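Undergrad: One structure follows; several queries about it will come next.
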Amino acid sequence: MKQKELEMLLQKVPKFNSPKPELEQYLTPAPIAADILYTAVKFGDIQGKIVADLGCGTGIFSYGAYLCGASQVVGFDVDCECIDQARDFACKNNYNINYVINEIRRVNIVCDTVIMNPPFGAQKSNIKADREFILKGFEIAGVIYSIHLTKTIPFIEKLVSALESEIDFTKEYKFPIKHTFDFHEKKSVNYDVTLVRINTSVKH
């Protein structure tokens with residue numbers, strides 16, 4: 001499957017029925033998700049691998065990993081409504097993906113690769129939420145792919161260094177967030193975000 005074909009399939013992923021601001025529920029745009037997945041494929045981190053999607057939402061990375069040849073895919077999210085959406089979509093398309101309702105700190109799996117778009121920490125109730133996702137990634141996987149606000153990358157680098165590992169690849173994107181909640185003042189705002197690939201097994 002070519003990247004453009006994957007992107008077209010990911011555009012069919014359902015939007016959140018009732019997005020929750022405290023969980024920063026914004027669907028990852030299909031072009032960005034497809035590009036990240038193809039990056040992971042090129043590194044050999046998807047095909048034949050066990051992949052976990054932390055904070056999976058309605059499942060865009062889960063579906064993409066499955067379509068790219070992962071041997072097993074599990075999506076985790078605390079929101080039962082979006083997990084129901086993800087399960088329904090997977091069932092309708094005969095995608096063999098397991099979805100689990102769980103808080104990030106309670107996730108218990110051993111996998112090869114984590115691919116995720118964690119909360120950016122923009123809400124006061126969610127400050128440093130992405131830190132918890134990174135820490136869980138270190139517990140369960142050999143490689144992490146994660147998206148963060150570009151301005152927070154120095155913090156992510158310090159965290160990864162403190163964990164005696166390293167970021168070995170980055171790529172920047174413009175991440176559009178459309179007017180979703182009442183406090184949004186504009187129809188759409190582009191945020192500078194950076195994908196990081198973390199090899200959790202590397203020791204300095």
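Undergrad: Which is under 11 Å from the mean Cα position of the chain (by Cα) and among the hydroxyl-bearing types (Ser, Thr, Tyr), of 71, 62?
TA: 62
Undergrad: A follow-up question, please. Are any of the residues in segment 96-111 crowded, with 17+ Cβ neighbours inside 10 Å, part of a helix (DSSP H, G or I), at negative phi and at pLDDT below 95?
TA: Checked segment 96-111: at least one residue is crowded, with 17+ Cβ neighbours inside 10 Å, part of a helix (DSSP H, G or I), at negative phi and at pLDDT below 95.
Undergrad: Looking only at segment 153-198, how many residues end up being at pLDDT 90 or above and closer than 20 Å to residue 33 by Cα?
TA: Residues in segment 153-198 being at pLDDT 90 or above and closer than 20 Å to residue 33 by Cα: 16 in total.
Undergrad: Would you pick out the residues in segment 77-86 that are more than 22 Å from residue 136 (Cβ to Cβ) and either touching a Gly at 6+ places or on another chain (Cβ under 9 Å) or crowded, with 17+ Cβ neighbours inside 10 Å (or both)?
TA: 85
Undergrad: Given the conditions (1) buried (at least 21 other Cβ atoms within 10 Å of the Cβ); (2) closer than 21 Å to residue 9 by Cα, report the number of the one that residue 71 does not fulfil.
TA: It fails just one condition, (1).
Residue-by-condition table, conditions (1) assigned to a strand (DSSP E or B); (2) out of contact with any His (no Cβ under 6 Å at 6 or more places or on another chain); (3) surrounded by fewer than 18 Cβ atoms within 10 Å (Cβ to Cβ); (4) not acidic (Asp, Glu):
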residue	(1), (2), (3), (4)
31	no, yes, yes, yes
35	no, yes, yes, no
45	no, yes, no, no
53	yes, yes, no, no
56	no, yes, no, yes
61	no, yes, no, yes
66	no, yes, no, yes
75	yes, yes, no, yes
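Undergrad: Name the residue, out of 66, 95, that is farther than 24 Å from residue 169 by Cβ, of a type in the set (Phe, Trp, Tyr) and in contact (Cβ under 8 Å) with a residue 24 or more places away in the chain.
TA: Answer to the check: 95.
Undergrad: Taking the conditions exactly as written (closer than 17 Å to residue 196 by Cβ, under 13 Å from the mean Cα position of the chain (by Cα) and of a type in the set (Val, Ile, Thr)), does residue 39 satisfy them or not?
TA: Criteria not met by residue 39.
Undergrad: Out of the residues in segment 140-173 that are farther than 15 Å from residue 193 by Cα and without any contact (Cβ under 8 Å) to a residue 12 or more places away in the chain, state the one that is surrounded by the fewest Cβ atoms within 10 Å (Cβ to Cβ).
TA: Restricting to residues being farther than 15 Å from residue 193 by Cα and without any contact (Cβ under 8 Å) to a residue 12 or more places away in the chain, the top hit is 162.
The values are calculated or read from the model by the stated rules, or taken from the named source; none is laboratory data. The structure presented is a predicted model; accordingly, all values stated were derived computationally and were not measured. Please note: Cβ atoms are built from the backbone with ideal geometry, for glycine as well, and neighbour counts cover all protein chains shown.
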